[in-house]
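Right, one structure below, let's go through it.
The values are calculated or read from the model by the stated rules, or taken from the named source; none is laboratory data. No experiment lies behind these values; they were computed from the predicted model shown. Here the Cβ is made from the backbone with ideal geometry for all residues, glycine too, and neighbour counts use every protein chain on show. All accessible areas refer to the heavy atoms of the entire protein, side chains included, with ligands and DNA or RNA removed. Shrake-Rupley method; radii C 1.70, N 1.55, O 1.52, S 1.80 Å.
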Amino acid sequence: MSAVVFFFYLFSTILLASAFMVIAARNPVHAVLFLILAFFNAAGLFVLMGAEFLAMLLVVVYVGAVAVLFLFVVMMLDVDFVELRQGFLKYLPIGGMVAFIFGIELVLVLGTWKLTPEMIETGKAAAKAPIEAMNIRALGRVLYTENFYFFQLAGLVLLVAMIGAIVLTLRSRTGVKRQDVMTQNARTKATAMDIKKVAPGQGV
């Protein structure tokens with residue numbers, strides 16, 4: 001067994017195990033730490049495939065920013081996850097139905113999909129970047145030229161996920177003063193100031 005094959009199986013095994021622990025861990029802090037471990041092993045797989053830019057992007061952006069941000073948000077907000085799980089059984093039938101339909105679609109796709117020799121030759125031709133082209137330039141050509149609409153759709157999915165995370169962690173607190181821009185802009189001099197005449201020798 002060569003070193004490349006050994007590291008491939010090593011990174012793949014740890015990646016699958018850590019990805020399973022992300023959804024199986026009861027403590028959200030432990031789940032984020034397993035997510036960081038999954039990112040590192042995925043970066044190792046990218047290095048084996050010759051995609052050094054994607055590997056460094058995964059480590060610098062996702063591990064250095066996104067995962068650490070998740071960790072600090074979970075630790076600082078002190079989210080009551082017991083309260084969030086109270087409505088789990090109420091949405092379980094709908095979630096089970098969606099998962100069942102999704103599973104049927106995956107079975108249909110995997111059962112009818114066949115790898116033809118033409119597809120293999122097309123994949124080999126697409127994987128061979130020109131010698132004068134850098135890894136980053138070839139990646140940019142694929143993302144922003146050939147698959148531009150799919151790239152924008154992926155960004156839209158991430159935007160929806162970000163909005164959903166904000167909505168889930170937003171809590172309404174009583175007694176907290178909040179800024180009302182419309183009320184501030186509608187203020188006049190009569191409502192903003194109260195002029196009092198003070199007689200000499202007397203206080204307000």
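For region 130-204, rounded, prolate or oblate, judged on the Cα gyration tensor with a ≥ b ≥ c (square roots of eigenvalues), a/c < 1.5 rounded, else prolate if a/b > b/c? Prolate, because a/c is 1.5 or more and a/b exceeds b/c. For the pair Thr174 and His30, label points projected 7 Å from Cα toward Cβ lie 3.7 nm apart.
Each residue was assigned an accessible area with a 1.4 Å probe, and for Phe39 the value is about 40 Å². The radius of gyration of the Cα set in region 1-51, together with its Dmax, comes out at 12.1, 38 angstrom. Only protein heavy atoms count here; under a 1.4 Å probe, Leu156 has an accessible surface of about 90 Å². Label-to-label distance for Asp194 and Asn135 is 6.8 nm, based on points extended 7 Å past Cα in the beta-carbon direction.
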